[in-house]
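Note sheet for the following structure.
What follows draws every value from the coordinates through simple rules; no lab data is involved. Source: prediction; values computed, not measured. As a convention, Cβ positions derive from the backbone with ideal geometry for all residues, glycine included, and neighbour counts pool all protein chains shown.
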Amino acid sequence: APAPVSLSKVTLTKGAPSVSLAKQGGTSGAMRVNLNWQVRKQFKGWGHKLGKAIAMHGDLDLDLGALFELADGSKGVVQALGNTFGSLHQPPFIHLDADDRTGARTSGENLTINLDHKDAFRRILVFVTIYEGARSFANLDATVTLQPQHGAPIDFSLDECTVPSPVCALALITNTGGDLVVQREARYLVPERGVSPQRTLDHAYGWGMNWTPGRK
C-alpha cells in the first residue's frame with residue numbers, strides 16, 4: 001500500500017532534517033521554493049556598541065539559485081547572475097521567478113520546480129548568495145518554504161550565521177527510487193580568497209562544473 005499522504009505542514013529541523021515529497025502529496029504540478037528574509041532590528045553586543053545602523057543593509061541583494069544534475073548526466077545552475085533563469089517546461093524544469101533586490105517584495109524570491117518531470121532530476125541544491133550590500137548573513141532572519149502545488153508545505157528557518165559567509169546551501173533535493181526527498185542543509189560556507197560562492201558550493205557538494213565570472 002502507498003504511504004499515507006500528510007496534509008499538514010512539516011517543519012524541518014536539525015533533529016528531523018528530511019522528508020519525502022510523496023508523503024507531502026508533492027508528486028506532480030509546480031512546486032514553489034520561496035526564500036523570505038528580513039534584517040534583524042536589534043544589534044547585540046559589539047555591533048550595538050559600534051552604533052551599527054540598519055541602513056547598512058538598505059541595499060542588500062540576496063540571490064536564490066539552484067545547482068542541478070539531471071538523470072541524463074547534464075549539470076548546470078539556475079540563478080539571476082548571468083541571466084540563467086532556467087525553464088519550467090523544458091530542461092532543467094526549474095525556473096527562477098524574479099530577482100528581489102531589496103527583500104521588500106512580500107513574496108520574496110521564488111524558484112519553481114516542475115514535479116511533472118521529477119524523474120528527470122537526479123539532485124537539486126537550492127542555495128542563496130549575497131550579491132551586494134553585506135559581507136555575510138549575520139543579522140538576517142530567513143525562512144525557506146517549499147510549497148507543492150498539490151501537497152502540504154515544507155519549511156525551515158536558517159540558523160544564525162556566525163561565520164563570514166556570503167553563500168548558504170539551503171536544501172538538497174535528491175531523487176531516491178523515483179521519490180524526491182528534501183533535506184534541510186542550512187549550511188553557511190566560507191569561500192577561500194578568490195573563489196566564487198558558486199564554485200565554493202560546487203566543491204562542497206561535488207558537482208564538478210567549470211565556472212566563469214558572470215554579472216547581472
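Phi angles of segment 197-210 translate, via the Karplus equation with coefficients 6.51, -1.76, 1.60 and θ = phi - 60°, into HN-Hα couplings of x, 5, 5, 5, 4, 4, 5, 5, 10, x, 7, x, 9, 9 Hz per residue; Gly and Pro are given as x. Within a straight-line Cα-Cα reach of under 16 Å, K75 can be paired with the following aspartates and glutamates, leaving aside sequence neighbours fewer than 8 residues apart in one chain: D119, D202.
Summarising the label geometry, the points placed 7 Å from Cα in the beta-carbon direction at D141 and A30 lie 2.9 nm from one another.
Summary of packing: across the peptides 171-177, 150-156, the per-residue average of other C-beta atoms within 10 Å ranks them, highest first, as 150-156, 171-177. A Förster radius of 35 Å combined with the Cβ-Cβ distance from N210 to H89 puts the calculated FRET efficiency at roughly 0.85.
Under the simplified labelling scheme, the T176-A71 pair shows an inter-label distance of 1.8 nm, with each label point 7 Å from Cα along Cα→Cβ. Remark on G29: its backbone amide H falls under 5 Å from those of L115, D116, a criterion applied only to residues 5 or more positions apart or on other chains, H modelled at 1.01 Å from N. Sequence-distant contacts, meaning Cα pairs under 8 Å at least 6 residues apart, place the relative contact order of segment 67-173 at 24 percent.
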